[in-house]
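The structure appears right after this line, and notes come after that.
Every read-out reported here was derived from the displayed coordinates using simple, explicitly stated rules and does not represent laboratory data. Since we're looking at a predicted model, the values are computed, not measured. Virtual Cβ from ideal backbone geometry, glycine too; neighbours counted across all protein chains shown.
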Amino acid sequence: MLLKNLAAMILLLSFGATSAEFEVSGKLAVEQRYFFDSALYTEQLRHSQTSILAEPELYWGWNDGNDTVIFKPFYRIDSQDDERTHGDIRELSYIHAGEDWELRTGIRKEFWGVTEFQHLVDVINQTDGVEDTDGEDKLGQLMLNLSLVKDWGIVDLYLLPGFRERTFAGENGRLRAPIVVDENNVSYESSAKEQHLDFAMRWSHSIGDFDLGANWFHGTNREPILTPDQDGDKFVLKQYYNQMDQLGLDVQATIDDWLYKFESIYRNTNDGNFWAIQAGFEYSFVGVFDTIADLGLLMEYSWDSRGEGDLIDPGAGFQNDVFFGSRIAFNDMQSSEFLMGFSTDLDHSATSFIIEANRRLGDSFKASIDVRLFQSSDLIEQTYAIRNDDHVQLSFEWYF
Amino acid sequence: MLKKKMLISTLSAVALALMSNMSFALTPEQQGLEISKEAKQRDLGWVDSTADMLMLLRNKQGQESIREIKIKSLEIDDDGDKSLTIFNKPKDVKGTAFLSFSHPVDADDQWLYLPALKRVKRISSRNKSGPFMGSEFAFEDLSSFEIKKYSYKYLGDEKVNNLESFKVEQYPVDENSGYTKRIVWLDKNEYRVQKIEFYDRKSALLKTLTYVDYKQYLGKYWRANSQNMLNHQNGKSTELKWNNYAFKTGLKAGDFNRNSLKRVR
């Protein structure tokens, strides 16, 4: 009897050992930025900014991949900006998958939405603002997420304990407002402050050519209200995070070579409410000009009920703005890509232009070149504050 | 009397011969369809499968690049298969995954998961002719074979890979296909594809795909261990090596949705 049990245990253990999987992967990168113009504000770095970053990922999977643990820390060291030298746990989570449900626990990132130039409905994670100007880098968010797969779609329920403050460039950094955001001067509407328990739910489904999503978020607004304040003899921007309820809707229709994209939100806070829309399309030419390259053309439009602001009430960043983009995938061995984007405000003078190009070198390196140009002559535009921050960035990434 | 009897039997033999000749007088188009139907029929019932694919990309100078991919498929009755494609190499795309619900005639439904952004993107399935991961395989070369995707013409018999084979021309029905036709050789014993020639939109020979080292699984299903695609126009080639083929592994429809797409490794 004992022997039989022992044999069964050994069998179980050896089965467990062979079916468990452990993997280490990730990337190391060196980035070099060069700003063409001299700084607008005295403490800012002059022209050159060097950065190195590491983002390893540790993965454990067992039970046929139905149980997984992922740990993904991140750290960046910046030569100029102390605020940009920062670390984060992008992911430290345990996921268990049942037949038609999943429970995801820990620090994670969730993306909602379909559009490319602005992500209105995507509100689970805080923006890691020092990383880039596009707002696509996010800080890890602690969560308990139950996902249910039904015939009528996927339902996600989220409990979100613990709030993360947005990151902003420091005194020496470029790409910031004339006065810096004070990371120690933070206040909240909720008496629970950063401990407020947020709640969210999302339904998403695919019906034929349509991908639909609807969501509701209740909790701390990820977007701070920044107001000038005095810190000793210095002016700073203090951060205030109010409570919000946000309803969001996202729709994509995929019809032949066309992708039609639509996002809309209604946000209600004690400091006012508004609704906003981001909508547009993407068209792909396959094998353009008799080559194996693909060309994608994108156009999107932003509207916001807050409209254009003034010096006292800044209104919305994108209230009547149009975006154009083109993406070329060369489909070569090195997966070379070239991306161009242009945005302009139809009410004010504010335009920005970006170029991103990258290709693989060998099997585990990747080189990228990014160019970002900003132009504005209108004081109330956010772009006005960074009008001298046109720059080029070269980066070299090693994947392991 | 005897003569009459003989005459009758001769006549009936002639009539029989004529009749049977008529029933076998299929047009080359019908013959091509019948051969393809038989090949498809012999490959039904595998339920689900998993396999590891290694792609070796070679350019004219002999430089190589590797793609490491895992594929999970689920057979769907009266529709195209569902499949998950998981990328492991090159390392910069590790974790990227691709979900496809294929349909015999209608456009496939396809989603791409981008792990860096944690984003699932519905993508247009019109891109059939484009290269897969920079290789000489187009997306359509890797999709499941469905009878309704082509019209057919039987061209005759030929020996390929030392096996007596049917030679069948296939014309893609979908106008987004990168080909005007494919010529396919299937061996007469097992109806396995031995070789395919691809003709581009200008009807010029573009690529040749050869199947090497067939192995039988579950006593029924034949899969080639290796496939070699040679592009005659640019001199590049791609070799596919298959490993760890498994069938009837217990995959379910629930393993092929947007949630599993984000989780799968």
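Being under 30 Å from residue B:126 (Cβ atoms) and either small (Gly, Ala, Ser) or in contact with a Phe, Trp or Tyr (Cβ under 8 Å, 6 or more places away or on another chain) (or both) is true for just one of A:323, A:289, A:285. Which residue is that?
Working: A:289 fails: either small (Gly, Ala, Ser) or in contact with a Phe, Trp or Tyr (Cβ under 8 Å, 6 or more places away or on another chain) (or both); A:285 fails: either small (Gly, Ala, Ser) or in contact with a Phe, Trp or Tyr (Cβ under 8 Å, 6 or more places away or on another chain) (or both).
That would be A:323, the only listed residue that is under 30 Å from residue B:126 (Cβ atoms) and either small (Gly, Ala, Ser) or in contact with a Phe, Trp or Tyr (Cβ under 8 Å, 6 or more places away or on another chain) (or both).
Mind checking which pairs have a first residue in segment B:25-44 that is under 16 Å from residue B:220 (Cα atoms) and a second that is among the aromatic types (Phe, Trp, Tyr) and surrounded by 13 or more Cβ atoms within 10 Å (Cβ to Cβ), Cβ under 6 Å, 6 or more apart or different chains?
B:38/B:191; B:39/B:191; B:42/B:191
Quick one: in segment A:316-373, of everything that is within 14 Å of chain B (Cβ to nearest Cβ), over 22 Å from the mean Cα position of the chain (by Cα) and among the hydrophobic types (A, V, I, L, M, F, W, C), which residue is farthest from residue A:385 (Cα to Cα)?
Among those residues, the one meeting the criterion is A:333.
If you go through segment B:37-79, how many residues are touching a strand residue (DSSP E or B) at 6+ places or on another chain (Cβ under 7 Å), of a type in the set (Gly, Ala, Ser) and away from every other protein chain (no Cβ under 11 Å)?
4
Any residue in segment A:365-375 that is in a helix (DSSP H, G or I), free of Cβ contacts under 8 Å to residues at least 40 places away in the same chain and either of a type in the set (D, E, K, R) or surrounded by 19 or more Cβ atoms within 10 Å (Cβ to Cβ) (or both)? Even if it seems obvious, please write down each step before you answer.
As a first pass, look at segment A:365-375 and keep what is in a helix (DSSP H, G or I): none.
For segment A:365-375, residues in a helix (DSSP H, G or I), free of Cβ contacts under 8 Å to residues at least 40 places away in the same chain and either of a type in the set (D, E, K, R) or surrounded by 19 or more Cβ atoms within 10 Å (Cβ to Cβ) (or both): absent.
Which one of these is crowded, with 21+ Cβ neighbours inside 10 Å, without any contact (Cβ under 8 Å) to a residue 60 or more places away in the chain and in a loop (DSSP other than H, G, I, E, B): A:130, A:121, A:114?
A:130
Name the residues in segment A:182-215 that are assigned to a strand (DSSP E or B) and either among the β-branched types (Val, Ile, Thr) or at positive phi (or both), would you?
First, pick out the residues of segment A:182-215 that are assigned to a strand (DSSP E or B): A:182-188, A:198-207, A:210-215.
Within segment A:182-215, A:186, A:207 qualify.
Limited to segment A:28-64, what total is found for residues that are within 14 Å of chain B (Cβ to nearest Cβ), exposed (fewer than 13 other Cβ atoms within 10 Å of the Cβ) and in contact with an Asp or Glu (Cβ under 6 Å, 6 or more places away or on another chain)?
0
Determine, yes or no, whether residue A:309 is in contact (Cβ under 8 Å) with a residue 60 or more places away in the chain and small (Gly, Ala, Ser). Steps first, please.
Numbers: in contact (Cβ under 8 Å) with a residue 60 or more places away in the chain: yes; small (Gly, Ala, Ser): yes.
So residue A:309 passes the test.
So that you can scan it fast, the table gives a plain yes or no per residue for (1) more than 19 Å from residue B:242 (Cβ to Cβ); (2) of a type in the set (Val, Ile, Thr); (3) part of a strand (DSSP E or B):
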| residue | (1), (2), (3) |
| --- | --- |
| B:141 | no, no, no |
| B:145 | no, no, no |
| B:154 | yes, no, yes |
| B:169 | yes, no, yes |
| B:179 | yes, no, no |
| B:197 | yes, no, yes |
| B:201 | yes, no, no |
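Return the pair list, or none, for Cβ contacts closer than 7 Å from residues in segment A:328-343 that are within 22 Å of residue A:375 (Cβ to Cβ) to residues that are of a type in the set (Phe, Trp, Tyr) and assigned to a loop (DSSP other than H, G, I, E, B), at least 6 apart or on different chains.
That search, which allows pairs on different chains as well, returns A:343/A:117.
Kindly provide the set of residues from segment A:96-111 that are part of a loop (DSSP other than H, G, I, E, B) and of a type in the set (Asp, Glu), ordered by number.
A:99, A:100, A:110
Checking residue A:310 against (1) among the acidic types (Asp, Glu); (2) touching a Lys or Arg at 6+ places or on another chain (Cβ under 9 Å); (3) away from chain B (no Cβ under 14 Å), which single condition isn't satisfied?
(2)
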